[in-house]
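Report on the structure given below.
Bear in mind these aren't lab numbers, they're just calculated from the coordinates by the rules spelled out. From a predicted model like this one, the values you see are computed outputs, not experimental measurements. Cβ sites come from the backbone with ideal geometry, for glycine too, and all protein chains shown count toward neighbours.
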Amino acid sequence: MIAQDMKQDVEAKACLEHVTQILPSPQSFLALSVALLDCGEFERAATAARAGLALSTGEPAPLETSALFNNLGEALLQAANYEEAAQAYRNVISLTPDHGVAHQNLGNILTASGQIDAAIELLEHAVKIIPDVPIARVSLSQALLRAGRLEEAWPHFEYRWASIAFPSGQRITSRPALPIQLWDGAFEDSRDQHLLVVTEQGLGDMLQFCRYLPMVLERFAKVGFACPKPLHRLLAQSLGTRWSNLVLFEDIPSDFWEWDRYILLMSMPGAFRTELDTIPAPIPYLSADPRAMQQFASRLEKLGCPSLPRIGLAWAGGHSELSIDRFRSIPTDQLGPLIDWPHACWVSIQKPENDEKRLRPDQRTKVVDWMDEMEDFADTAALIANLDLVISVDTSVAHLAAAMGKPVWLLNRFAGCWRWLHNRDDSPWYPTMRIFTQRERGNWNEVFERVVDELERMR
């Protein structure tokens, strides 16, 4: 079915290209820009939209012109040309003030540009115009979270499923539902009840929000956590020894009759009415196995650099298919300013998902790398336990190290993830974390300069 749809898109694009050559008009270029957007050809879509706008100059067709500006904005947004995309969406709003999607997209651009207050105003207006469009509420939630307005954000955050898209382009419009009652945070009669916590999204999200598990383990007779297998040993050794009422599953169990209620993991902050000053941060809440820790300690001692600080380094996220990955991951050929600093024993805590994210041969002599031996997060935790500092981009090992209470320096992309808030160099989620955020989009060199300056002060 997907292949058939793709074939139809390609055929439609070829037909419309022919039409614009024979009968160039705002309408034909509008249709072509839509087809090119559907095919992911964003530069050509922008060109087609501009061609249509050039032909529509002076024509009294505001809806058509607005649609061309909207397609131009979408193409520029997808190409990360934020400044021009913002102007295109401002033109849409000028022509059609009730265009909710344009308000939403302009709000997203302002969020990505660090203009949080202006973004929230636009996104609140978008939600008023299109209250039944979940993705608008997702955008508003993320802007509010960046601003630290957590209590206002959590109800909108419950629409986050709309931000998940499949390769076919299909989106989820509501949370997955199980045939048991959804728990909303109330604790009446919970002492004798069984709660199923369902995992979601990335491994970093799970590591960050599993801090809420002890809070429900105190209140429910039994808590099941359905999460990926790479987390099982880590959670068992961190929580299982204290909480005998915790049960771990790799998949959602089918015996629903065993459970009274369920909640999605990232709904826990909202269920507990979490605000900035009530974030549960009982660091450490994750720990390594002592025997495995000692094994890595012995191996590190044999390296022969006892006087140097051991610094773990992670330079890339996973999920290369995600659009944010190109912004948060650092190409290995840019790592020189860090790994060339000679006063540390550099230790890789990077699990490369592809060869592009692997160190070059000449770089491997400067970095201890045992990550190919790691089977799960319990192994990685045992290595991290022996480090003095972790320097990482926004990825799962940063959460792991910070949850273990290790000093973590986060290399944060410009206008990064909502969880790191706006204009903060610390994190209420992780008291041992410092945040080094890009001051210019894509400029890691300036970040490295600040990091190396701080390393020099540590000597």
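Tabulated data
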{"read-out": "Theoretical FRET efficiency, 1/(1+(r/R0)^6), r = Cβ-Cβ of residue 98 and residue 450, R0 60 Å, to 0.05", "value": "0.85"}
{"read-out": "Part-to-part distance (alpha-carbon centres) for the range 51-128 and the range 391-434, which is given in Å", "value": "32 Å"}
{"read-out": "Correct option for semi-axes √(5λ) of the Cα gyration tensor in Å [calculated from the coordinates] among (i) 101, 36, 16; (ii) 42, 30, 20; (iii) 42, 24, 22", "value": "(ii)"}
{"read-out": "Per-residue ³J(HN,Hα) for the range 140-148, Karplus 6.51 cos²θ - 1.76 cosθ + 1.60, θ = phi - 60°, Hz, x for Gly and Pro", "value": "5, 4, 5, 5, 5, 5, 4, 7, x"}
{"read-out": "Gain on full stretching of the segment that runs from residue 440 to residue 61 - 0.36 nm per residue minus C-alpha separation", "value": "132.5 nm"}
{"read-out": "The range 61-159: trypsin sites (Lys or Arg not before Pro) in DSSP coil with no more than 16 other Cβ atoms inside 10 Å", "value": "149"}
{"read-out": "Share antiparallel - DSSP beta bridges, the chain, percent rounded to 5", "value": "10 percent"}
{"read-out": "Approximate spin-label separation residue 459-residue 358, in nm, with each point projected 7 Å along Cα-to-Cβ", "value": "3.3 nm"}
{"read-out": "Amide N proximity, the range 425-445 versus residue 276 label position 7 Å along Cα-to-Cβ, cut-off under 19 Å", "value": "425-437"}
{"read-out": "Residue 249 long-range amide H proximity, modeled H, under 5 Å", "value": "225, 226, 227"}
{"read-out": "Estimated FRET transfer efficiency when R0 is 30 angstrom, pair residue 425-residue 340 (beta carbons, to 0.05)", "value": "0.75"}
{"read-out": "Burial ranking of peptide ranges 117-127, 437-447 (average Cβ count within 10 Å, highest at the top)", "value": "117-127, 437-447"}
{"read-out": "Label-point gap, in nm, between residue 295 and residue 180 - each point 7 angstrom along Cα→Cβ", "value": "3.5 nm"}
{"read-out": "Antiparallel DSSP beta bridges within the range 290-458, percent to nearest 5", "value": "10 percent"}
{"read-out": "The chain: angle of helix 26-38 to the longest principal axis, Cα-based, in degrees nearest 10", "value": "20 degrees"}
{"read-out": "Crossing angle, helix 116-129 versus the chain [Cα axis fit, 0-90 degrees, rounded to tens]", "value": "60 degrees"}
{"read-out": "Proxy reagent accessibility, fewest Cβ within 10 Å first, across 308, 23, 30", "value": "23, 308, 30"}
{"read-out": "Order of 430, 82 under a 10 Å beta carbon neighbour criterion, fewest first", "value": "82, 430"}
{"read-out": "For the chain: lysine pairs under 24 Å (alpha-carbon distance), excluding those fewer than 8 apart on one chain", "value": "10"}
{"read-out": "Reciprocal of mean inverse Cα separation for the range 181-278 (Kirkwood radius, Å)", "value": "13.6 Å"}
